[in-house]
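> Pasting a structure here, questions to come.
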Amino acid sequence: MLLRLIAVLFCVAILGVAGCGGAATTVDGKVTLDGSPLPNAVVTFHGAMEVGGYGGANAAGEYTLHSPDDKAGIKPGEYKVTVTATELKDTAALAESAVGRGKMEEAPKLLTPESYATAATTPLKVTVKEGKNTIPLDVKSK
């Protein structure tokens, strides 16, 4: 019995050490449209079988990816990258508009080319390596 307890404690200690100390694989960068910062863009890294990570760009176009379970960082590997951005609506004006009175309004204007919106059509492909990754993304309008 004592030998079994020692074996279990040893396994737990080994697993605990193996899970600690490794550097997280993080991805950040700047997303631009024809070289100019693209504020409020949604950036998604698509792996072969699943979404690897996503993030939103700030007003300067800077983004940081999070995993689908909302933890910082993603798994190393090859990814297709989608980038979408739309015009932002003034919420005060929206409340006063037809939508505020229960009527439909047209969808916000897409600022990025449609080809960047799906993993099947995006031209952006990147490799994420272990550790810290800074990956600039430049979306081309033409």
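Since every read-out is calculated from the coordinates, none of them should be taken as a lab result. As the structure is a computational prediction, the values presented were derived from the model and not from experiment. Cβ coordinates were reconstructed from backbone atoms using ideal geometry, including for glycine residues, and neighbour counts include every protein chain displayed.
> How would you rank 62-74, 25-37, highest first, on the average number of other Cβ atoms within 10 Å across their residues?
Descending mean neighbour count gives 25-37, 62-74.
> Another question about this same structure. When we measure straight from the Cα of residue 129, which lysines land under 30 angstrom away, once same-chain ones fewer than 8 places off are left out?
Once the sequence-local lysines are set aside, what remains near residue 129 is 30, 71, 75, 80, 140, 142.
> Same structure again: Can you tell me which of 48-57, 129-138 comes out highest on packing, and rank the rest after it, using the mean Cβ neighbours within 10 Å?
48-57, 129-138
> Which net charge results when you count Lys and Arg as +1 and Asp and Glu as -1 among the other residues whose beta-carbon is under 12 Å from that of residue 58?
-1
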